[in-house]
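Asks: First the structure, then my questions, so here it is.
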Amino acid sequence: MRRRIIWAGFAALLLAACGPSGGGGGLAGCDLSGFIDATQILDPANCNPYHVTGDLTVTDSGRLEIKPGTTLEFAQDTGLYVQDHGALVAVGTASDKILFTGASKVRGYWKGVIVGGNSFDNELKYVEIEYAGADERWDPGAFASYRAAVELGEDARLKMTDSLVRESAGYGVFMANDAYFGSDNDPDGDFARNTITGNANCPVAIYENKVGHLDASNDFTGNDEDFVCVGGGYEFVPEQTWQHLTVPYLILDQISVADGATLTIAPGTTLIFDQDAGLEAYGQASAIRAEGTASEPITFTAKQHVKGYWAGLHFNDSNSTNNVLRYVVVEYGGSTNTFLGADDYGNIVVSSAGNASQQQITIEDSTIQYSASWGISVAQETIFTINGVSYNDNTSGGFRQRP
């Protein structure tokens, strides 16, 4: 059964977290804390830096606008929260950036920017966020206990471009299951041209249904864990393209493409799978289309190079002609610990649930290796095209069509 993340208690957390000064706009001279419940503008001509002395919360009726060149310096264990329809608009320029920093330059000195609201105006542009990640929070899904410099809560919206996140004690950016980059659910450049580097965990932690929002223009290199961490098991993947990013994807769970949707993997992309994780096309019209090139193959591999470490690629009752694997490397799959509906096990498995009269798949110019079972295993009625495939050290054999 597919589950949906419930962001339980998030609003209560925000209310409880507000700083000691309480309401009244949150500004006393150059010191900030408490509630912002009307429009508040921070201008470097008035104070620079502003000192955040306690948790600062933009309420449902509040709006915090930050002008180019402004610096906010956060005291230890303080943070910036955005609630409900409240808005955070921090728009700098290429030559006059906005800086959110800690009073001490230590990873995890302050909490970070936590967006729990769904205002269409929430935006970070030409913003630098550093030394955050103090607050350990709980995700009921794949990520468990985590820290992050920038967090999008359930149903939150945030456009983030041309910005820098560094030296977080956890993730750079965490995105909940039903959050949105920008004003809609389309991957249209609302998370682009960002640099997320020098953080203690992955630059981005994101659920499978939103991975397509990550634009290839972002730079995610230089973190202690140089992967985009992808959680799974809660939503089907809609029609998306996963771009060739500057770091591989790390798949933490078993994830499925929705019936009627095609997941396209861009040439040169690497997907690394955690133990027993996997990827499937689920349903007659679902598909996985991974077409690399001779110079930019697509790689599906394991976090540890051990046979059977991950579940493999599964095509579950899918008869879509979009099921194409070309110039790919698939290795170290074949785990038997899978809910992906396999009739057999291997690096690539085409299964029949009896709902489709046939299944279809094309595999060409690819390398299939180091499976704990079969390299490729297909159901009896599968229509398949397999050309130019190299098999290497698959325990049960290279190819099997099941009787």
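Asks: What pairs can you find where one residue is in region 97-118 and on the phi < 0 side of the Ramachandran plot and at pLDDT below 95, the other is open to solvent by less than 30 Å² (accessible area, probe 1.4 Å) and of a type in the set (S, T, N, Q), and their Cβ atoms are less than 9 Å apart, with a gap of 6+ or different chains?
Replies: G116/Q83; G117/Q83
Asks: Being open to solvent by 20 Å² or more (accessible area, probe 1.4 Å) and either under 31 Å from the mean Cα position of the chain (by Cα) or β-branched (V, I, T) (or both) is the filter here, so list the residues in region 375-403 that pass it.
Replies: I383, T385, I386, V389, T395 - these are the residues of region 375-403 that are open to solvent by 20 Å² or more (accessible area, probe 1.4 Å) and either under 31 Å from the mean Cα position of the chain (by Cα) or β-branched (V, I, T) (or both).
Asks: With A132, A142 as the choices, which residue is small (G, A, S) and either modelled with pLDDT of 95 or more or assigned to a strand (DSSP E or B) (or both)?
Replies: Details: A142 fails: either modelled with pLDDT of 95 or more or assigned to a strand (DSSP E or B) (or both).
The conditions single out A132.
Asks: Which residue pairs have Cβ atoms under 6 Å apart, sit 6 or more places apart or on different chains, and have a first residue in region 233-261 that is over 25 Å from R193 (Cβ atoms) and a second that is open to solvent by less than 50 Å² (accessible area, probe 1.4 Å) and charged (D, E, K, R)?
Replies: From residues that are over 25 Å from R193 (Cβ atoms), the pairs are G233/D253; L252/D274; I255/E208; S256/E280.
Asks: Filter region 20-36 down to the residues that are at pLDDT 95 or above and either open to solvent by 70 Å² or more (accessible area, probe 1.4 Å) or among the aromatic types (F, W, Y) (or both) and list them by number.
Replies: Residue satisfying the conditions is F35 alone.
Asks: In region 321-337, how many are open to solvent by less than 60 Å² (accessible area, probe 1.4 Å), over 22 Å from A285 (Cβ atoms) and either in a loop (DSSP other than H, G, I, E, B) or modelled with pLDDT under 90 (or both)?
Replies: 4
Asks: Of all residues in region 222-258, count the ones that are small (G, A, S) and out of contact with any strand residue (DSSP E or B) (no Cβ under 7 Å at 6 or more places or on another chain).
Replies: So the count comes out to 0.
Asks: If you don't mind, another one. Touching a Gly at 6+ places or on another chain (Cβ under 9 Å), within 21 Å of D186 (Cβ to Cβ) and open to solvent by 10 Å² or more (accessible area, probe 1.4 Å): does that describe Y234? Please lay out each step first, then the result.
Replies: Details: touching a Gly at 6+ places or on another chain (Cβ under 9 Å): yes; within 21 Å of D186 (Cβ to Cβ): yes; open to solvent by 10 Å² or more (accessible area, probe 1.4 Å): yes.
So Y234 passes the test.
Asks: Output the number of residues of region 374-395 satisfying the condition of being modelled with pLDDT under 95 and outside any strand (DSSP E or B).
Replies: Selection size over region 374-395: 4.
Results for (1) hydrophobic (A, V, I, L, M, F, W, C); (2) assigned to a loop (DSSP other than H, G, I, E, B), shown as yes or no for each residue.
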{"residue": "V247", "(1), (2)": "yes, yes"}
{"residue": "G260", "(1), (2)": "no, yes"}
{"residue": "L263", "(1), (2)": "yes, no"}
{"residue": "G268", "(1), (2)": "no, yes"}
{"residue": "Q275", "(1), (2)": "no, yes"}
{"residue": "S295", "(1), (2)": "no, yes"}
{"residue": "K307", "(1), (2)": "no, yes"}
{"residue": "W310", "(1), (2)": "yes, yes"}
{"residue": "F315", "(1), (2)": "yes, no"}
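Asks: Does region 112-139 hold any residues that are open to solvent by 30 Å² or more (accessible area, probe 1.4 Å) and within 19 Å of the chain's Cα centre (by Cα), and which are they? Before the answer, list the steps.
Replies: Going residue by residue through region 112-139, those that are open to solvent by 30 Å² or more (accessible area, probe 1.4 Å) are 118, 120-121, 123, 125-126, 128, 131, 135-136, 138.
Those that are open to solvent by 30 Å² or more (accessible area, probe 1.4 Å) and within 19 Å of the chain's Cα centre (by Cα): N118, E123, E136, W138.
Asks: Filter region 168-221 down to the residues that are surrounded by fewer than 20 Cβ atoms within 10 Å (Cβ to Cβ), out of contact with any strand residue (DSSP E or B) (no Cβ under 7 Å at 6 or more places or on another chain) and at pLDDT 95 or above, then identify the one that is nearest to L152 (Cα to Cα).
Replies: So, considering only residues that are surrounded by fewer than 20 Cβ atoms within 10 Å (Cβ to Cβ), out of contact with any strand residue (DSSP E or B) (no Cβ under 7 Å at 6 or more places or on another chain) and at pLDDT 95 or above, the one nearest to L152 (Cα to Cα) is A200.
Asks: Now for a different question. If you check every pair at least six apart or on different chains, which have Cβ atoms under 8 Å apart with a residue in region 71-88 that is part of a strand (DSSP E or B) first and a residue that is open to solvent by 10 Å² or more (accessible area, probe 1.4 Å) and among the aliphatic types (A, V, I, L, M) second?
Replies: The qualifying pairs are T71/L99; L72/L99; E73/A103; F74/A103; G79/A17; G79/A134; Y81/A17.
The values are calculated or read from the model by the stated rules, or taken from the named source; none is laboratory data. Model, not experiment: these values are computed from the prediction. Positions of Cβ are generated from backbone atoms using ideal geometry, with glycine treated the same way; all protein chains shown enter the neighbour counts. When the accessible area is computed, the model is the full protein with side chains, heavy atoms only, and any ligands, DNA or RNA have been set aside. Shrake-Rupley method; radii C 1.70, N 1.55, O 1.52, S 1.80 Å.
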